[in-house]
């Protein structure tokens, strides 16, 4: 067996020695031999094919967890996974392209060649205690402009989630909002929400809440997200998760150290990396614009749904006639171990002239 030093192997496959050491640790690309005295790694020339595949997939931007899956498949199944991944990338890029056009038009004062079609939201919401928890610490809000879900934790968790949502409610009032200013408004509102939650903290600071909200401008949605409540988009029959969990297990999944299946039973699955009201410097939420089309259906939900109902099933139930009640009932049918809250909004053409 022909062996290459880690340096020679890195040059041949165009991966850095640092990356190779990480992939060894993650069991994605193990060396053929490790010197027992020096710990120096050696790779077989036959491993170059897999190493180059890993390098190409990293250049595509594919997360390590997905690369691990692709590398374990046969050629045809691997090709199918890569096609599916790239289709998602292209769809997300198209959304960002449209939003970039909106921002350019706003900043330059130019108008689009075609007039912007003003749309409306049709919404419903429900929050349920579940079958195990003694109280409901979730809070939901759905209005003509603002949609929000918060999941509180700690002794004052119910007050924390309510305070976070209440700090955003003023955004549901007044005149229509311009896309160019809505993100600044959201960031200011979230800072106020964080301060309101911190005011509830006891001496140990044992209180906090997630917050996931969408703010409607008439043609565009602005998203703010912190924690592990989630937002989904159902478009043309396909379900997209449009938020990333700020949790310990999600960071391990992203690094390829944990599979989604392993995450379900991980002892730290409820531990958050970000939350409103957490001690120390204020956590920075994810804030961005989200392009909207007539026919889109959005779901905001607490983790009482996503921990017991897989995404594939959520997509099926979200297409139902009364999705909010259907999703809550599904979570309770799966044991209802946590509070479960859902807000569903449809983007529709105006019903008035």
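The values are calculated or read from the model by the stated rules, or taken from the named source; none is laboratory data. Because the structure is a prediction, the values reported are computed rather than measured. All Cβ positions, glycine included, derive from the backbone under ideal geometry; neighbour counts span all protein chains shown.
Need pairs with beta-carbon distance below 6 Å; first residue at positive phi and in contact (Cβ under 8 Å) with a residue 12 or more places away in the chain and within the range 1-22, second crowded, with 20+ Cβ neighbours inside 10 Å and assigned to a helix (DSSP H, G or I); sequence gap 6+ or separate chains.
Matching pairs, first to second residue: none at all.
Assess whether residue 15 counts as being touching a helix residue (DSSP H, G or I) at 6+ places or on another chain (Cβ under 9 Å), outside the structural domain of residue 241 (by TED's automatic domain parsing), assigned to a helix (DSSP H, G or I) and over 23 Å from residue 241 (Cβ atoms). Working first, answer last.
Details: touching a helix residue (DSSP H, G or I) at 6+ places or on another chain (Cβ under 9 Å): yes; outside the structural domain of residue 241 (by TED's automatic domain parsing): yes; assigned to a helix (DSSP H, G or I): no; over 23 Å from residue 241 (Cβ atoms): yes.
Criteria not met by residue 15.
Consider residue 337 carefully, then state whether it is part of a loop (DSSP other than H, G, I, E, B), closer than 22 Å to residue 236 by Cα and either in contact (Cβ under 8 Å) with a residue 12 or more places away in the chain or outside the structural domain of residue 223 (by TED's automatic domain parsing) (or both).
No; evaluated as a whole, the condition is false for this residue.
What residue, among those in the range 298-321 that are touching a residue at least 12 places away in the same chain (Cβ under 8 Å), farther than 30 Å from residue 191 by Cα and touching a helix residue (DSSP H, G or I) at 6+ places or on another chain (Cβ under 9 Å), is surrounded by the most Cβ atoms within 10 Å (Cβ to Cβ)?
Within the range 298-321, the match that is surrounded by the most Cβ atoms within 10 Å (Cβ to Cβ) is 314.
Looking at the range 340-353 only, could you name the residues that are touching a residue at least 40 places away in the same chain (Cβ under 8 Å) and surrounded by fewer than 20 Cβ atoms within 10 Å (Cβ to Cβ)?
346, 348, 349, 350, 351 - these are the residues of the range 340-353 that are touching a residue at least 40 places away in the same chain (Cβ under 8 Å) and surrounded by fewer than 20 Cβ atoms within 10 Å (Cβ to Cβ).
I'm trying to understand the selection: among the residues of the range 32-53, which are touching a helix residue (DSSP H, G or I) at 6+ places or on another chain (Cβ under 7 Å), in contact (Cβ under 8 Å) with a residue 40 or more places away in the chain and not in a strand (DSSP E or B)?
51
Condition check ((1) assigned to a helix (DSSP H, G or I); (2) in contact with a strand residue (DSSP E or B) (Cβ under 8 Å, 6 or more places away or on another chain); (3) in the same structural domain as residue 135 (by TED's automatic domain parsing); (4) at pLDDT below 95) across all residues:
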site	(1), (2), (3), (4)
314	yes, yes, yes, no
320	no, no, yes, yes
327	yes, yes, yes, no
330	yes, no, yes, no
342	no, yes, yes, no
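Which of the residues spanning the range 90-121 are surrounded by 13 or more Cβ atoms within 10 Å (Cβ to Cβ) and either modelled with pLDDT of 75 or more or part of a strand (DSSP E or B) (or both)?
The answer is 119, 120, 121.
Quick check on residue 91: is it outside the structural domain of residue 253 (by TED's automatic domain parsing), touching a strand residue (DSSP E or B) at 6+ places or on another chain (Cβ under 8 Å) and touching a residue at least 40 places away in the same chain (Cβ under 8 Å)? Working first, answer last.
On the way: outside the structural domain of residue 253 (by TED's automatic domain parsing): yes; touching a strand residue (DSSP E or B) at 6+ places or on another chain (Cβ under 8 Å): yes; touching a residue at least 40 places away in the same chain (Cβ under 8 Å): yes.
Criteria met by residue 91.
Does residue 58 satisfy being in a loop (DSSP other than H, G, I, E, B) and either touching a helix residue (DSSP H, G or I) at 6+ places or on another chain (Cβ under 6 Å) or within 23 Å of residue 252 (Cβ to Cβ) (or both)?
Here the answer is no, as residue 58 does not meet what is asked.
Going by the structure shown, is residue 257 free of Cβ contacts under 8 Å to residues at least 60 places away in the same chain and surrounded by fewer than 20 Cβ atoms within 10 Å (Cβ to Cβ)?
Answer is no for this residue.
Can you spot a residue in the range 286-297 that is crowded, with 20+ Cβ neighbours inside 10 Å and part of a helix (DSSP H, G or I)?
no
Tell me which residues, restricted to the range 260-281, are part of a loop (DSSP other than H, G, I, E, B) and surrounded by 15 or more Cβ atoms within 10 Å (Cβ to Cβ).
Passing the criteria: 266, 269, 273, 274, 275, 277, 278.
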